[in-house]
Amino acid sequence: MARGVKQRKPVSSTVGGRGSQRVYQKSRGQRSRPSVWRTLGWIAAFSGVSLVSAFAGMTFVLMSPFQGTNHRGQGNPSWLEMMTRGLQYGMSRPVNLLVLGVDKVLDAPEGSPERFRGRTDTMLLARFNPENGTITVLSIPRDTRVKIPGYGIDKINAANVYGEVDLTVRVVSETLNYTPIDRYIRIDTGAFRELVDLVGGVEVNVPKRMVYTDHTQKLYIDLQPGLQTLNGEQAEGFVRFRYDELGDIGRAQRQQMLIKALQKKLANPVMLTQLPKIYSVLQKYVDTDLTFAELMAIAQFSLRIEPENLRLILLPGRFSGDGYEASYWLPDYERIDRLVAEHFSDRPSKLVNYTWSESGTLRIALQNASGSSDAAQDMADFLAHHGYTNVIITEEWYQQTPETEIVAQQGDIGAAQMIRSVLGMGRVSANSTGVLSSDITIRIGRDWAAVLH
């Protein structure tokens, strides 16, 4: 008999006051329209994933709750009092938060629960880990081929339509080797445009021409390549465009690019002036089971995270190709198990200690971003000299970079660090913007070209 989703545990505790308290998940049957606390839950997660500055992030989660207590006779708290109250919460263990961006349900009444019952256009599993000080965000392509209990084989984005969030949680958990999922957030995609416009747009380097129209979802994409500031409508088109050779996977990569762009934008203290408007927008578009104490614990933890400790990973797999009734992303369960063991497991596993027995088996892709035509071949020769022979040179990266980046495409940080020690330079990062077929993508910067010359 198949195993179900593991029993959920408390995700936060309070420090100080009268003893220690545990915060538990509310019953699903008790869900109601998004409240202040549940809206703030999304804000906290958004702050964590986007890694806003400490001051801006704390303002996100403290501004409205303590305004709400004023009318209960607690006075008008100072910033010091607000900070003290906010910092009483702490995370007692790692937390896995499922983030679902839901397509518009065109016939759903405004403000009704039905608007969250569409197909999931975006699916992310974020892990907040106080044990090693990291936030890991796993992108799950909407076309991932899975078995949905009671409905058979289908794309994973259909689970929310068939059985709402409960079935979606179960399917995601089983796909990830029964990884426990503690809490969820569902977001109407209508929030995205308004939020990007409120922060004044985001600066993104669009890698190629993007043109597509979807009248059903009211999506009109027309973007030119190059560095530019995208408004809300353009940014939504950038992350939802999927009509190129990479399809849904290219979209997952662009979502990761936009997360980094939002991180940079939200770190600007000027964004504080937009917080009341941001809060108002989120009230309309969010469904979550986070409690106030839980969101405060997540927010406090997120504020301490260094930018390099944000890890963005793509679900390992491959395109289905011919022979299937539809276009799928086929999960690579062996690699998924290793990824889960390294990034999403509470218990030690022998899979975490997986090492490449032969350097020649590590799949390395080289992307030249140095401006020197000889850099990629020179690095390939250098790696071959050190036993790394499974190396391919791919198309040049669309923009030059000053520093070589060693991308753990499949989330294997250990392998990336091993390559860095061989090269003697480079910055290790965990994201999935590299070559899909690689274990490690090396984006060659001008620092390597300087050594070459």
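Looking at the square roots a ≥ b ≥ c of the eigenvalues of the Cα gyration tensor of the stretch 359-452, which shape do they give, rounded for a/c under 1.5, prolate if a/b is larger than b/c, or oblate? Rounded, because the longest to shortest axis ratio a/c is under 1.5. Computed on the stretch 359-452, with alpha-carbon pairs under 8 angstrom and 6+ residues apart, the relative contact order is 40 percent.
With R₀ set to 51 Å, the beta-carbon distance separating Glu395 from Asn132 gives a calculated FRET efficiency near 0.90. A full extension of the chain between Gln228 and Glu334 corresponds to an added length of 34.2 nm, given 0.36 nm per residue minus the alpha carbon distance. Stretching Leu246 away from Ser327 to a fully extended chain increases their span by 28.0 nm, per 0.36 nm per residue minus the current alpha-carbon distance. Computed from label points 7 Å out along Cα-Cβ, the spacing between Val451 and Ser421 is 1.6 nm.
Charge dipole of the stretch 359-452 (Cα centre as origin; +1 on each Lys and Arg Cβ, -1 on each Asp and Glu Cβ, all else neutral): 180 debye, rounded to the nearest 20.
Label-to-label distance, Glu308 versus Glu194, with points set 7 angstrom from Cα along the beta-carbon direction: 3.9 nm.
A Förster radius of 45 Å combined with the Cβ-Cβ distance from Phe382 to Tyr212 puts the calculated FRET efficiency at roughly 0.65. For the stretch 95-193, what does the alpha-carbon gyration tensor say about shape, rounded, prolate or oblate, given a ≥ b ≥ c as the root eigenvalues, a/c under 1.5 as rounded, and a/b over b/c as prolate? Oblate shape, in that a/c is at least 1.5 and b/c is the bigger or equal ratio.
We did not get these values from a lab; they are worked out from the coordinates using the rules stated. A quick note: this is a predicted structure, and the numbers were derived from the prediction, not measured. Every residue, glycine among them, receives a Cβ derived from its backbone with ideal geometry; neighbour counts consider all protein chains shown.
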